Amino acid sequence: MAQRPPVKDIDEDALKVSKPERHAAGMKAVMVALDRGIAQGGVARTASSLLRINQRGGFDCPGCAWPEPEGHRKTAEFCENGAKAVAEENTLRTVGPEFWAAHSINDLADKTEYWLGNQGRITQPVVIRPGDTHYSPITWQEAFDLIGERIRATTPDRCVFYTSGRTANETAYMYQLFARAIGTNNLPDCSNMCHESSGTALNPTIGIGKGTVSLEDITTAKLILTVGQNPGTNHPRMLSALADCRKNGGRVIAVNPLPEAGLLGFKDPQTVEGVVGDGTQIADEFAQIKVGGDLALFQALGHLLLAEEARNPGSVVDRAFVDENTEGFEAWAEARAELDWDVTERATGLARVQIERISRYLIESDATIFCWALGITQQPHSVDTIKEIINLLLVQGNFGKPGAGACPVRGHSNVQGDRTMGIWEKPKEPLLAALDAEFGIVSPREWGVDSTETVERFEHDEVDVFVSMGGNFALACSDTDALEAGMSRAGLTVHVSTKPNRSHVVHGRTSLILPTLGRTDIDDKHAAGAQFLSVEDSMSVVHSTQGRLRPVSEHLLAEPVIIARMAQATLGDDHPIDWHAMAEDYDVVRDHISRTLPGFEDFNRRVRQRNGFVLPNPPRDTRSFKTEIGKGVFTVSPLEYLDAPEGHLILQTMRSHDQYNTTFYGLDDRYRGIKDARRVILVHPADLAALGFQDRDLADVISSFDGTERRADRFRLVSYPTARGCAAAYFPEANALVHRGLVARESNTPGYKAMTVRFVPHQAYGGNDDEVRGAKVREDTVREDGVTA
Ligand SMILES: Nc1nc2c(c(=O)[nH]1)N[C@H]1C(S)=C(S)[C@@H](COP(=O)(O)OP(=O)(O)OC[C@H]3O[C@@H](n4cnc5c(=O)[nH]c(N)nc54)[C@H](O)[C@@H]3O)O[C@H]1N2
Ligand SMILES: Nc1nc2c(c(=O)[nH]1)N[C@H]1C(S)=C(S)[C@@H](COP(=O)(O)OP(=O)(O)OC[C@H]3O[C@@H](n4cnc5c(=O)[nH]c(N)nc54)[C@H](O)[C@@H]3O)O[C@H]1N2
Ligand SMILES: [Mo]
């Protein structure tokens, strides 16, 4: 199956490549951030919003879920990419009725995400019905009536309620309540595609699906391993914490197939040295691992720790902790007793000496933190890999003491909070029982569908109503072609959005776009006055967030109001849940939360405290583990890694520096030296040569899985210092290559970083690349070797 890439509005042949940078941030980052803000929203709006990011009484940065410091906050407690996220939302460009009248669906189908997102904020609700060629305005009431009618006309299991992780706590709580009041647990969310593997590994081993460290721990750790993440781009404020850790004498080890700028070095733009100096080195050790080789690395480290313990009893294993607080040590130790170094080196691509050196760092440290993100969670064996991280932490007693613990670095700014609020397709009985008692409803007990299962539902025409609370499901999930085709056959799709995106274009037979307020917008159309919302960061801190900017249109509704009115239109006015009261005053929602969710007692008072409050975290607070057996659990996993057959590479997909998931701020990936293009694949020069290609060649990419192939065309191969045998492309351009069956076992997270691919020279369809593919072939594209491409 070939994907037709909508490339008309991006001239991919404008690609420029320069040397990757070694430092992240610095003055350039500040300038880029200000430029983007001013271009979108003007000087005053930019200044007003940037000064409120992550400040008390301000709004939580919609960029990422990294926490804010408790004590002193800098005037500018944001990063280049947070500022870009805010600029994107603050834009004064608008998408009103004239836009929808001017652009038919066929026209929009040819646009890239870059173009769509750049059109601006959606100003009023629109609808498209069977036979229509264009979206056209609809009143809010008509839109809600249509939704209510369609939900009532079908069965609850044929309705799906997707959430993207920007949704605030109160909103998420109302949304899951709505789904359950209708009678379904079909609550897939972006977490299914993101850190689901982390929760799946952590719950049975440490009894909580979240990280166990605080921001202070990061700065006081003796050793931090940052594995499978690119903080310079995706969590830039994490770099100041890592730099502080090093200043305090801690060591940082980066494990990544790519030499990411932020991992190697950092210039803190908040300090004078950071602006003009050479910057701080971040990683003491860079382990350039093969994609999917982490489990092999961690098992080898376990082996080396145990070998040292055998030589030097008491020097490595925290005996008291292991005996008292854990279970399963002996079985794990037995499984790690033998190690095949040939296999380890082949699986990891690392030399034995380097793995031994890393093991010594571990042995020398009495306070170790493992940080990880998607490089770990989007592999077939992700859950086992994360369980192996837990084994390494347990054996040295790295829980519930300063500077130690597990740190899954979350993505969307409230993805963790959404799960806490009950957005989960596999809810636990205590949550459902509490909802039933509080609201007098009977929540369904049958589990619902996750993201990957939703793709299958679409494919088998089993979705009558799909509601998307934010996000861009069509592009974010796997198997783009099948998903888009399936989505466009669904009965009704409802997108609660801020800006146009691809999901609006490959919509259901009837489709609604409902424009909403963003994080930075003021939410003051309530009898009870202006409202605030709350979020939970990566380290379980719950705090308030409140926008202050005047929205670009008077027709926007706040997300809680949209949910309440959907619910009223669906369930009628005599339903036991008082939706109106919640929509009018978010304190009412918080009161419900405080009575139904553990850890939220007295929510309304505590959320108004200076720094909010921290949710209970038994491993961190008391070294206790609420697992089935009440202890931390060592687990034994068989070795697994990715091995591409001859002529193939393992392809990972990742974010560029200029994107927020499916939203593109620009076309540059500055730190990696890629400019003005996105359909590129980074390949090691030796692999390129071995495969018979040259730098900048155009290729079509074929992925294979389970005897089937997927194809995505016209990518430019770029010679790049990635690990051997691996390649890297950008998300979402490469999602068409991800077979929906390629998932992490147990968590069902797509294997976005685990594809087996081969390249073939790009073939122009019908011999005319320009006409059929929509891409311009420029005469003046000259490769570095002087050959005209
Ligand atoms: N500016 C910005 N910030 C963001 C986002 C954004 O798009 N833009 N997205 C947000 C979201 S939702 C999320 S989930 C996070 C994502 O944050 P990250 O996890 O940092 O996101 P990716 O860009 O997917 O980068 C994955 C990293 O893992 C490495 N990697 C790939 N495969 C492997 C492997 O097998 N082993 C190891 N050790 N490493 C591997 C890649 O080389 C890359 O450095 O960021 C959040 N923050
Ligand atoms: N190949 C590949 N695929 C991936 C990944 C990968 O690494 N590789 N990563 C996965 C991950 S980690 C994630 S989290 C998902 C992301 O999946 P999603 O969360 O579904 O996607 P986003 O691109 O973040 O959603 C962007 C849209 O959200 C809307 N939006 C923005 N702000 C708001 C708001 O305040 N309210 C509302 N209602 N809408 C808003 C805008 O209309 C915008 O178009 O993608 C996944 N897909
Ligand atoms: Mo994510």
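Values as computed for the structure displayed
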read-out	value
Yes/no for Glu88 being modelled with pLDDT of 80 or more and acidic (Asp, Glu)	yes
Candidates Ile650, Ile629 - the one that is modelled with pLDDT of 95 or more, more than 16 Å from ligand 3 (Cβ to nearest atom) and in a loop (DSSP other than H, G, I, E, B)	Ile629
Candidates Thr171, Thr163, Thr200, Thr167, filtered to the one that is on the phi < 0 side of the Ramachandran plot, within 16 Å of ligand 2 (Cβ to nearest atom) and not assigned by TED's automatic domain parsing to the domain that holds Asp587	Thr200
Answer residue from region 373-393, given it is touching a His at 6+ places or on another chain (Cβ under 9 Å) and open to solvent by less than 10 Å² (accessible area, probe 1.4 Å) and is nearest to ligand 1 (Cβ to nearest atom) among those	Ala373
Candidates Asn186, Asn234 - the one that is within 15 Å of ligand 2 (Cβ to nearest atom) and either without any contact (Cβ under 8 Å) to a residue 12 or more places away in the chain or surrounded by 20 or more Cβ atoms within 10 Å (Cβ to Cβ) (or both)	Asn234
Filtered residues of region 349-362 (kept if β-branched (Val, Ile, Thr) and buried (at least 18 other Cβ atoms within 10 Å of the Cβ))	Ile355, Ile358
Among the residues listed as Pro69, Pro62, the single one being within 16 Å of ligand 1 (Cβ to nearest atom) and at pLDDT 75 or above	Pro62
Filter result for the condition that a residue is open to solvent by 10 Å² or more (accessible area, probe 1.4 Å) and under 24 Å from Arg410 (Cα atoms), over Asp706, Asp621, Asp669, Asp643	Asp621
Options Asp340, Asp318: the member that is without any contact (Cβ under 8 Å) to a residue 24 or more places away in the chain and more than 30 Å from Cys194 (Cα to Cα)	Asp340
Leading residue by the ranking (surrounded by the most Cβ atoms within 10 Å (Cβ to Cβ)) among those in region 189-211 that are away from ligand 3 (no atom under 16 Å from the Cβ) and under 19 Å from the mean Cα position of the chain (by Cα)	Ala201
Enumeration of residues in region 394-425 that are open to solvent by 10 Å² or more (accessible area, probe 1.4 Å), touching a helix residue (DSSP H, G or I) at 6+ places or on another chain (Cβ under 7 Å) and closer than 30 Å to Arg445 by Cβ	Arg410, His412, Arg419
Members of region 250-269 that are away from ligand 1 (no atom under 11 Å from the Cβ) and either more than 26 Å from Leu350 (Cα to Cα) or buried (at least 23 other Cβ atoms within 10 Å of the Cβ) (or both)	Val252, Phe266, Lys267, Asp268, Pro269
Residue ID - most open to solvent (accessible area, probe 1.4 Å), chosen from residues in region 7-37 that are β-branched (Val, Ile, Thr) and modelled with pLDDT of 75 or more	Val17
Positions within region 426-437 being open to solvent by 50 Å² or more (accessible area, probe 1.4 Å) and either modelled with pLDDT under 95 or over 29 Å from the mean Cα position of the chain (by Cα) (or both), in sequence order	Ala437
Residues satisfying the stated conditions in region 130-174, i.e. in a helix (DSSP H, G or I), polar (S, T, N, Q) and more than 32 Å from the chain's Cα centre (by Cα)	Gln141
Some residue of region 95-104 being at negative phi, open to solvent by less than 10 Å² (accessible area, probe 1.4 Å), modelled with pLDDT under 90 and within 13 Å of ligand 2 (Cβ to nearest atom)	no
Per-region count, region 477-526, residues within 9 Å of ligand 2 (Cβ to nearest atom), among the charged types (D, E, K, R) and open to solvent by less than 20 Å² (accessible area, probe 1.4 Å)	1
Top-ranked residue in region 745-758 [being in contact with a strand residue (DSSP E or B) (Cβ under 8 Å, 6 or more places away or on another chain) and open to solvent by less than 20 Å² (accessible area, probe 1.4 Å); ranked as farthest from Thr452 (Cα to Cα)]	Val757
Residue match in region 582-592 (condition: part of a loop (DSSP other than H, G, I, E, B) and in contact with an Asp or Glu (Cβ under 7 Å, 6 or more places away or on another chain))	no
From Arg152, Arg121, residue being more than 16 Å from ligand 3 (Cβ to nearest atom) and surrounded by fewer than 20 Cβ atoms within 10 Å (Cβ to Cβ)	Arg152
Check on Ala335, surrounded by fewer than 21 Cβ atoms within 10 Å (Cβ to Cβ), in contact (Cβ under 8 Å) with a residue 24 or more places away in the chain and over 30 Å from Asp244 (Cβ atoms)	yes
Number of positions in region 178-188 that are assigned to a helix (DSSP H, G or I) and either within 16 Å of ligand 3 (Cβ to nearest atom) or touching a His at 6+ places or on another chain (Cβ under 8 Å) (or both)	1
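The values are calculated or read from the model by the stated rules, or taken from the named source; none is laboratory data. This is a predicted model, so every value here is computed, not measured. Note that each Cβ is placed from the backbone with ideal geometry, even for glycine, and that neighbours are counted across all protein chains shown. To get the accessible areas, we keep the full protein, side chains included, count just its heavy atoms, and leave off ligands, DNA and RNA. Shrake-Rupley method; radii C 1.70, N 1.55, O 1.52, S 1.80 Å.
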